Amino acid sequence: MKNKILLGFLVLVLLVSAFFAGVFFERQKIKKETSIQNTSNPTNPSNPPIQKLTVVEVTDGDTLKLSSGKTFRLYGVNAPEAKEPFFEEAKAFSQNLVLNKEVSFEQEEKYKEDKFGRMLGYVFINGVNLNLELVRNGLARVVLYEKRAKIKYQDELLSAQKAAEEMKLGIWKR
């Protein structure tokens, strides 16, 4: 019994440590990218403008309703749908990070909307990439399409997914 409690505690400490380490490194990366972007041409179309809006509803882990009335779908990731394992966890994770908060978002440059009219892109809260954090915590899979060009945060997303799989987090539990 003591071993199970100790193991549970160690897993919890590892998860919390991994989360905060990821947040730290993501903030460092964003600071570096921001300083690079600030020195480049601000009208350069390869640096899409970062917009800010408030999230008024979290439909599921990867779909948000914004104060503008638009729906925003996190690009490059797929969180569990209703009735799938870890749906509630993914939704709660996103709610805890962004619900009723002002977020920054980058719309995907090439694919600005999906077939349902939802805006596509990446959401940031206090410099933390929500797309990446869902994957890092085992609450979403990376989705890539063979015939499309490499997406902006592809390397980071794939690395986070590999780590989550190895640690058997969330959807990767067996």
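Looking at LYS52, is it within 17 Å of ARG118 (Cα to Cα), assigned to a strand (DSSP E or B) and at pLDDT 90 or above? No, not satisfied. Looking only at the stretch 69-127, residues that are touching a Pro at 6+ places or on another chain (Cβ under 7 Å), among the hydrophobic types (A, V, I, L, M, F, W, C) and more than 15 Å from GLU57 (Cα to Cα) come to 2 in all. Here ASN41 does not fit the description of being more than 23 Å from VAL143 (Cβ to Cβ), of a type outside the set (Val, Ile, Thr), modelled with pLDDT of 60 or more and exposed (fewer than 12 other Cβ atoms within 10 Å of the Cβ).
For the stretch 117-131, state whether one or more residues are closer than 23 Å to VAL11 by Cβ, under 11 Å from the mean Cα position of the chain (by Cα) and in contact (Cβ under 8 Å) with a residue 12 or more places away in the chain. Yes, because at least one residue in the stretch 117-131 is closer than 23 Å to VAL11 by Cβ, under 11 Å from the mean Cα position of the chain (by Cα) and in contact (Cβ under 8 Å) with a residue 12 or more places away in the chain.
Please work out which residue is surrounded by the most Cβ atoms within 10 Å (Cβ to Cβ), limiting yourself to the stretch 87-128 and to residues that are under 12 Å from VAL55 (Cβ atoms) and among the aromatic types (Phe, Trp, Tyr). Taking the candidates together, the pick is PHE105. Would you confirm, using the coordinates I've provided, whether SER35 is over 18 Å from the mean Cα position of the chain (by Cα), exposed (fewer than 14 other Cβ atoms within 10 Å of the Cβ), at pLDDT below 70 and small (Gly, Ala, Ser)? When the stated conditions are applied, SER35 passes them.
Looking at GLU84 and the list (1) surrounded by fewer than 19 Cβ atoms within 10 Å (Cβ to Cβ); (2) in contact (Cβ under 8 Å) with a residue 12 or more places away in the chain, which single condition is not satisfied? Unmet for GLU84, out of (1) surrounded by fewer than 19 Cβ atoms within 10 Å (Cβ to Cβ); (2) in contact (Cβ under 8 Å) with a residue 12 or more places away in the chain: (2).
The values are calculated or read from the model by the stated rules, or taken from the named source; none is laboratory data. Every value quoted in this text rests on a predicted model; they were computed, and no experiment measured them. Cβ atoms come from the backbone with ideal geometry, glycine included; neighbour counts cover every protein chain shown.
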